[in-house]
Amino acid sequence: MNAFKKLISAALTTALTLPILSFSAAALTLNGTVTEMNTKTPIEGAFVTLGNSSVRTDKNGEFHIEGDGAELRARAYGHMRAAQTIAAAGGPIKLELQPFTPKGIYLSSYGISSLKLRNAALDLVRDTQINTFVIDIKTDTAMVTYKTAVPLAGEIGAQKLVLKKDLPELITKLHEQGIYTIGRIVTFKDTLLAQAHPELAIKTSSGQPFKDREGLGWVDPFKQEVWDYNIALAEEAAKMGFDEVQFDYVRFPDKRGLVFSKPNNEENRVAAINGLLTAARKKLEPYNVFLAADIFGYVAWNLDDTEIGQRIVDVMQHVDYASPMLYPSGFQFGIPGYRNPVENSHEIIYRSLERARIRANVAAVRFRPWLQAFKDYAFDRRHFGQDEIQQQISAAERFGSNGWLLWNPRNVYVTENIKHAAPAVTASNEKTSAMR
């Protein structure tokens with residue numbers, strides 16, 4: 001392991017290795033500062049938590065917090081988490097956060113369970129810039145493939161395929177190797193919950209349970225029971241030590257004419273997505289875990305909710321990071337000035353991220369895009385090899401996002417496509433166009 005990854009490993013495991021002190025549950029009042037580890041400069045807007053209490057640092061990196069607990073925790077955009085045990089009395093506390101830029105790959109439940117695929121992924125960590133794994137907590141087929149304590153998972157048959165009985169132990173081992181871990185939860189696409197509890201399922205206009213193009217059922221995003229189930233799994237992920245929880249399919253189906261428990265209009269759809277993310281953030285806050293959501297690529301461009309409940313301004317109010325799925329193959333209509341997305345991967349990524357940043361009025365570090373590492377299915381069927389992948393990576397890095405994530409549903413990633421430095425792109429070889 002090189003020196004950089006050793007440093008990352010040490011910082012990633014801080015919160016897991018520090019001892020917990022035992023003392024009475026009397027409320028504490030603490031003051032201190034949060035600074036950047038290398039430069040010692042103050043970090044404005046860092047999150048500081050003590051038990052169920054949470055505050056943010058001021059422009060000088062200073063905080064004042066009252067709460068219960070044995071551990072003071074902090075996190076900030078573009079940095080790793082940190083924690084420090086505390087005593088009942090003491091002077092100002094200084095917390096230092098290590099800058100960190102996740103560069104990740106997706107690993108399905110099979111991918112992380114398969115020795116062959118997991119070892120191939122670990123080889124990427126050794127040989128390339130990859131330092132992050134996105135691991136399924138709840139899969140596209142609604143399976144929870146670790147041993148969960150959430151009763152509903154067993155009740156609906158989501159525990160029939162427990163592939164990782166030792167997931168907490170695995171997360172610890174990944175941290176020891178300097179790997180940042182993201183737990184992915186497929187949210188409203190849940191065929192098992194829809195089948196077991198038809199009252200929670202989305203219906204067609206004829207009253208039948210809705211099935212998508214893959215033949216999978218979805219559950220009603222308005223239902224509190226659906227929120228509670230997914231948030232309970234998210235809390236388990238936080239307890240297991242995941243650095244980040246990522247909600248995928250946190251949206252309405254992209255199909256018209258469906259029936260829900262409330263009127264299907266933009267106001268209600270947006271309120272449902274905001275409601276889930278707000279409730280999840282509140283539940284996860286004591287764990288000092290980052291919260292992320294995957295969003296459609298065109299959400300960066302559309303002024304409405306894209307008829308799925310996702311408005312970029314709203315989403316960014318409730319998550320730490322948004323991961324727009326900027327696969328060029330998914331941009332059926334292109335973007336202004338670039339109508340063939342697979343021939344213009346760099347422009348698709350960069351301009352979509354810029355559009356999202358401007359519309360949401362947040363820093364570039366709040367975004368971490370999903371990039372395409374699979375064969376095109378919509379245009380010329382090209383393989384996305386080294387050039388296509390590096391063009392996407394260069395766009396994300398030029399934009400200044402907090403890293404990037406590669407998606408390949410087969411979990412097969414080619415070392416040569418990732419390890420080379422991204423090619424430079426300058427303003428002189430870019431086209432400009434008006435944004436709609």
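Key figures
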item	result
Whether segment 190-327 is rounded, prolate or oblate, judged on the alpha carbon gyration tensor where a/c under 1.5 counts as rounded	oblate
Along principal axes, Cα extents of segment 236-295, largest first, whole Å	41, 18, 16
Cα shape, segment 35-167, gyration tensor, a/c 1.5 rule	oblate
Charged-residue dipole, Cβ positions (Lys, Arg, Asp, Glu), the chain about Cα centre, Debye nearest 20	520
Neighbour net charge for P168 - beta-carbon separation under 12 angstrom, K R +1, D E -1	+2
In segment 300-384, trypsin sites (Lys or Arg not before Pro) in a DSSP loop with at most 14 other beta-carbon atoms within 10 Å	R339, K375, R381, R382
Net charge of neighbours whose Cβ lies under 14 Å from the Cβ of G111, counting Lys and Arg as +1 and Asp and Glu as -1	+2
Lys, Arg +1 and Asp, Glu -1 on Cβ, resulting dipole of segment 226-354 about Cα centre, debye, nearest 20	280
Solvent-accessible ranking of K419, K239, K94, largest area first, probe 1.4 Å	K94, K239, K419
Sum of -39500 (n - 2.57) over DSSP H runs of 4+, divided by residues of the chain (222 nm, nearest 500)	-8500 deg cm²/dmol
The chain: most fluctuating residue of T128, T181, T49 per GNM, C-alpha cutoff 10 Å	T128
Accessible solvent surface per residue of segment 167-298, calculated while the other protein chains remain in place, 1.4 angstrom probe, Å²	36
Rounded to 5, percent antiparallel among DSSP beta bridges of the chain	40
Cβ-placed point charges (K, R +1; D, E -1), dipole of segment 149-296 about Cα centre in debye, nearest 20	360
Rg/Rh (Cα only; Kirkwood hydrodynamic radius) as it applies to the chain	0.96
Area accessible to solvent at E347, 1.4 Å probe radius, in Å²	30
Cβ crowding within 10 Å averaged over residues, with 151-159, 115-123, 77-85 ranked highest first	77-85, 151-159, 115-123
Counted charge near T101, where neighbours are those whose Cβ lies closer than 11 Å (Asp, Glu -1; Lys, Arg +1)	+1
Among H64, H318, H175: highest mean-square fluctuation, GNM of the chain, C-alpha pairs under 10 Å	H64
Solution diffusion estimate, µm²/s, Stokes-Einstein, segment 175-244, Kirkwood Rh from C-alpha pairs, 37 °C, viscosity 0.692 mPa s	242
Cα lying deepest toward the dipole's positive end in the chain, options A46, I86, M240, charges on Cβ	M240
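The values are calculated or read from the model by the stated rules, or taken from the named source; none is laboratory data. Just so it is clear, the structure is predicted and the values come from calculations on it, not from any experiment. Note that each Cβ is placed from the backbone with ideal geometry, even for glycine, and that neighbours are counted across all protein chains shown. Quick note on the areas: whole protein, heavy atoms, side chains included, nothing else; ligands and nucleic acids left out. Shrake-Rupley method; radii C 1.70, N 1.55, O 1.52, S 1.80 Å.
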